[in-house]
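Working notes for the structure below.
The values are calculated or read from the model by the stated rules, or taken from the named source; none is laboratory data. These numbers come from a predicted model, not from an experiment. Counting neighbours? That spans all protein chains shown, and the Cβs are built from the backbone with ideal geometry, glycine included.
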Amino acid sequence: MPDENLIKELKAIVGPEMVSTAPTVCESYAYSFSLSIDWVTRPEIVVMPATTRHVSEIVKLANRYKVPVTPKGAAGMTGHGGPLHGGILLDFIHMDKILLIDDKNMKAITEPGCSFFKLAQELFKKEMILPTAEYGPGPNVAASAITPVNGFGKTRYGRNIDLVEGFEVVLPTGEIVHIGSMAYAETDFGPFFRYITGPDLIGLFTQSNGAYGIVTKIAYRCLKRPPYWSFFTYYWPLEKIRKCADVLQETTAMELFDVHINDKWKFEAFKFLTGVSLVPDDCYFCVIFSINGFSQQELEGKRKTVAALCSDLEGKELPGIAETFFDAWPTFFCPPTHPVAAQLADAGYKATKGGYMYMYDSMNYPLSWFPHVYEKIMEIAQKHKIHGPPRLTVFDGFPMKSQVMCSQTWAFVNRKDPEWMQAIHASKEELRDWFGKRGGTYQQCFPPVLPDFTWTNQKSAHTLMKRFKQFLDPNNILSPGTF
Amino acid sequence: MPEFRTWNLDQFKNWIDLCLHCGACYARGPIVPHNWRELPPHEYAAPHKKCPPFEYFKFKNYSPQGRQILASLIFNDRYEIDEEVIRSFFSCTSCAMCNEICIPYQPLYTVLAMRQEIVEKGFEIPGRLKKITDNIQSSGNIFGRKKHAKNLGLPETGEDIFFSGCYATYLQRETALTSVRILKSAGINIAHLGDKESCCGEMLKQSGNMKLFKKTAVENVEKLKQAGAKRVIISCAHGYSTFKNDYTNSHIVGALPFEVIHITEMIASLLKEGRIRFSKSLNKTVTYHDPCFLGRQSGVYAQPREILEAIPGLTLKEMDRYGKWSYCCGAGGKVTLNAFPEMAKETGKERLLEAKAVADTLVTSCPTCLAHLKKTAKTEGIDIEIVDLSMLVATTMELSD
């Protein structure tokens, strides 16, 4: 039971209605992903701060009472954010204001709980964009910067964090600091540049899960929105995987907006249940291109270049996939509103008796390794019989401009079927072992995380992270267990 | 997608997870960003604030996503029902905006299933809900009033039967009588069950008492059938939705032996056919509040607007949240009103201020919304006229008592 005096003092800071220790309230925050995954991060106290000052006071209080404080990542689709060791969970969902949109200097500042979709709409009105991979409405701007989130947190341009120029952060002592462009937010020039005098401190808080400090304001560098857009798909059969990989490498190096790859199993759930195929029989890899231009000529030029490259490397055009997903309303950005996504969810639902899909890892590796990694994933899936219907291991890849592939592997799972669950876990462990030994890193790692290559592959860096943690947070108050 | 509306409790219990965990229903703000070329059209332009109990109580367990998680856990015996669980599920307003957002999982139906689970496990339901259940059983109406007060002075049999419902009969008798006058002026021989009319039972369903609800539904359909009904005209949005959407479930009554029509659909239809005419000019700017049970739950959006636009001199201005994104008035299927009155008041206040920002008159077509908004405007000192659509129609038709 949390200390009664601590609760009293928390209520004095944020107001009594913004603090709860009710088991049911805490339980609802304990799950941040499918319940098929037994990943429970249950807080003992949930607090809703409204200001940076609140956060600072809460952290100071937590130091006095030696109680952990963890910021809540986002509303959903962001993996396993949550407190690893109980204590206080700070929910920022109501701290969601957009504080600045500067269309001349192309900057935006928001509070941590502002969703990407909200910011995206406001930027759109000012002819700007953030090049995020927007596949769900849940994530908020701070979460994608500080947690290794799924789907979000990366763009073809790299990570969302590459677009962050400044933070306001509450340190583990409760001290409020402004780093990067935010250090100059109150000057005449405003928050204009990430690289101020001295080292770039933004990286310290990146993927930190809030362990070094709690982000309370975030400054983004935005891009100008080109008015001309085109979305199209090319496909390759399985035996042409290397040709497909060459296309990924070439096109991610070009000035295109986005390149995305799926294997056919993404569409097989639909076919499995309805008998209707969305893709031709010889289609195995679908690559979706999103391109843009500031003139029609620029757009057409890019499209011709990509089309010629795909044709040269034996790809075939597949109309009706990219256009339907991203061009027409409803877009695929909000899966629950999209009829195909809804049908896919239904297919998964029926196949798994409500167990849904299990994402067994979200991995980063050199793009040039894509064919090897893909073949290994499928080899392991076949060995453990989770390949093909009804278990349907699906590959979902985000090749990035830095020639890094970030891919997720999903499979359906019926949690009530122990054999099925065992197969999923065995696949995950075998893949993780093979992948980790080669130096792969994780965008998101699903528990249990053993052997933990995330840390064993980077021993010296991990030691340094722990040293920083000890220095900044001697009481181990913020997000303990992160490093 | 699964027809969650028609699912029974056991069907819910067979599923492990009832959520994609995408956060669309939980995150504040849009559910779609843009498609690079344009902002989303109205159909996908969900409002910033969506869920009244979440806005009032703030914590995740009061959001659709939080409730889906709790329900999945409880249905799979991984969590026990406690007082906070009961509050989480009974504070839902049944506004159904979450169903518009989440096509695959339709979260409202999980809420109703959980309420049933709570009742069947013998837990006490909050506020005045138990009293209302008793009233329906003893007096045939939610207020526990004497049945004979229902009499509208109409014949008790006929092909067109007006079903007045509890609110219009006991709290806003004038709206019921006005609806009848409009129908009569169009030459419709309207009948009414009189003191044989019983509550539609919506509150029984909303309170998780499905056994009593089914009994009430079967009895009501039988009475209307016996009275010769070929068409039942309902002025209450809740009654209309209950007949049209709930009675028709195969495990309640199934296909009904008569047509069910809401008074706004009827008036719009009479207007199109030229059977009624609007003569008096009403020089005012109004906004229309879509009742959740008429709009989202039953899909009646166009007819009330067609009626308003046909009134001479009247200007219709939409609120920020309108049509499928209309915000709840706060009465919350009468459950919120009777179990969480403070939340009902705060939600109503927000809706009234939204209306006042665009018009001096708020028009609606649900007696519950009307009564709750009127009361809230009075207690909160919000200066806005609140009118029932039928009353406005009667004024422009210059119908006298």
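Within the range A:60-88, the residues that satisfy the criterion of being within 15 Å of A:Val19 (Cβ to Cβ) and modelled with pLDDT of 95 or more are A:Leu61, A:Ala62, A:Tyr65, A:Val67, A:Val69, A:Gly87, A:Ile88. Evaluating A:Arg194 against the criteria (1) of a type outside the set (Asp, Glu); (2) outside any loop (DSSP other than H, G, I, E, B); (3) more than 30 Å from A:Thr41 (Cβ to Cβ) leaves one unmet condition, (2).
Listed here are the residues, each with its yes/no results for (1) buried (at least 20 other Cβ atoms within 10 Å of the Cβ); (2) farther than 20 Å from B:Ile31 by Cβ; (3) among the hydrophobic types (A, V, I, L, M, F, W, C); (4) at the interface with chain B (Cβ under 10 Å from one of its Cβ atoms).
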| position | (1), (2), (3), (4) |
| --- | --- |
| A:Lys97 | no, no, no, no |
| A:Ile109 | yes, yes, yes, no |
| A:Cys114 | yes, no, yes, yes |
| A:Phe117 | yes, no, yes, yes |
| A:Lys125 | no, no, no, yes |
| A:Thr132 | yes, no, no, yes |
| A:Val141 | yes, no, yes, no |
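In the condition set (1) within 9 Å of chain A (Cβ to nearest Cβ); (2) out of contact with any Gly (no Cβ under 8 Å at 6 or more places or on another chain), B:Ala71 is compliant with all but (1).
Take the conditions within 15 Å of the chain's Cα centre (by Cα), among the aromatic types (Phe, Trp, Tyr) and at pLDDT 80 or above and apply them to A:Phe92. Does it pass? Answer is no for this residue.
Of all residues in the range B:31-51, exactly one satisfies the criterion of being within 25 Å of the chain's Cα centre (by Cα), facing chain A (nearest Cβ under 9 Å) and farther than 14 Å from B:Lys324 by Cβ, namely B:His48. Reported count of residues in the range A:318-337, each being of a type outside the set (A, V, I, L, M) and not in a helix (DSSP H, G or I), is 8.
Assess whether B:Arg321 counts as being out of contact with any His (no Cβ under 6 Å at 6 or more places or on another chain), not in a helix (DSSP H, G or I) and not aromatic (Phe, Trp, Tyr). Yes; evaluated as a whole, the condition is true for this residue. Filtered by the rule that a residue be facing chain A (nearest Cβ under 7 Å) and under 25 Å from the mean Cα position of the chain (by Cα), the range B:19-30 gives B:Ala24, B:Tyr26, B:Ala27, B:Arg28, B:Gly29, B:Pro30. Each residue in the range A:415-424 was checked for being surrounded by fewer than 16 Cβ atoms within 10 Å (Cβ to Cβ) and in a helix (DSSP H, G or I), and 3 of them qualify.
For every residue, the table says whether it meets (1) under 25 Å from B:Gln303 (Cβ atoms); (2) of a type in the set (A, V, I, L, M, F, W, C).
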residue: B:Tyr322; (1), (2): yes, no
residue: B:Lys345; (1), (2): no, no
residue: B:Ala355; (1), (2): yes, yes
residue: B:Leu370; (1), (2): yes, yes
residue: B:Thr376; (1), (2): no, no
residue: B:Glu385; (1), (2): yes, no
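When you go through A:Glu122, A:Glu168 one by one, which is the residue that is modelled with pLDDT of 95 or more, within 20 Å of A:Tyr195 (Cβ to Cβ) and of a type in the set (D, E, K, R)? A:Glu168 is the lone residue from the list that is modelled with pLDDT of 95 or more, within 20 Å of A:Tyr195 (Cβ to Cβ) and of a type in the set (D, E, K, R). In the condition set (1) modelled with pLDDT under 90; (2) surrounded by 18 or more Cβ atoms within 10 Å (Cβ to Cβ); (3) over 19 Å from A:Tyr365 (Cα atoms), A:Trp236 is compliant with all but (1). If we keep just the residues of the range A:10-30 that are at the interface with chain B (Cβ under 7 Å from one of its Cβ atoms) and touching a Leu at 6+ places or on another chain (Cβ under 8 Å), which is nearest to B:Asn61 (Cα to Cα)? Across the range A:10-30, the extreme among qualifying residues is A:Ser28. For A:Thr456, the conditions (1) touching a residue at least 24 places away in the same chain (Cβ under 8 Å); (2) farther than 30 Å from A:Thr132 by Cα are fulfilled apart from (1).
Of all the listed residues (A:Gln403, A:Gln382), the sole one being over 23 Å from A:Phe33 (Cβ atoms) and free of Cβ contacts under 8 Å to residues at least 24 places away in the same chain is A:Gln382. Considering each of A:Val306, A:Val276 in turn, give the residue that is under 16 Å from A:Cys244 (Cα atoms) and of a type in the set (A, V, I, L, M). Every option except A:Val306 fails the conditions. Residue pairs whose Cβ atoms lie under 8 Å apart, separated by 6 or more positions or on different chains, with the first residue in the range A:194-209 and farther than 14 Å from A:Ser479 by Cα and touching a residue at least 40 places away in the same chain (Cβ under 8 Å) and the second surrounded by 11 or more Cβ atoms within 10 Å (Cβ to Cβ) and of a type in the set (Asp, Glu), are A:Ile202/A:Glu165.
Rundown of residues vs (1) out of contact with any Asp or Glu (no Cβ under 8 Å at 6 or more places or on another chain); (2) small (Gly, Ala, Ser); (3) not in a loop (DSSP other than H, G, I, E, B), yes/no style:
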site	(1), (2), (3)
A:Lys11	yes, no, yes
A:Cys26	no, no, yes
A:Ser32	yes, yes, no
A:Trp39	yes, no, no
A:Val46	no, no, yes
A:Arg53	yes, no, yes
A:Lys60	yes, no, yes
A:Ile93	yes, no, no
A:Asp96	no, no, no
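How many residues does the range A:217-259 hold that are among the polar types (S, T, N, Q) and in a helix (DSSP H, G or I)? Total satisfying the criteria: 3. Of B:Thr264, B:Thr216, B:Thr287, all but one fail to be among the β-branched types (Val, Ile, Thr), within 18 Å of B:Ile142 (Cβ to Cβ), modelled with pLDDT of 95 or more and crowded, with 18+ Cβ neighbours inside 10 Å; the exception is B:Thr216. Based on what the data block shows, is A:Ser427 assigned to a loop (DSSP other than H, G, I, E, B) and of a type in the set (Ser, Thr, Tyr)? Considered against the rule, which asks whether it is assigned to a loop (DSSP other than H, G, I, E, B) and of a type in the set (Ser, Thr, Tyr), A:Ser427 comes out as no. The residues of the range B:287-318 that are outside any loop (DSSP other than H, G, I, E, B) and not β-branched (Val, Ile, Thr), listed by number, are B:Tyr288, B:His289, B:Ala302, B:Gln303, B:Pro304, B:Arg305, B:Glu306, B:Leu308, B:Glu309, B:Ala310, B:Leu316.
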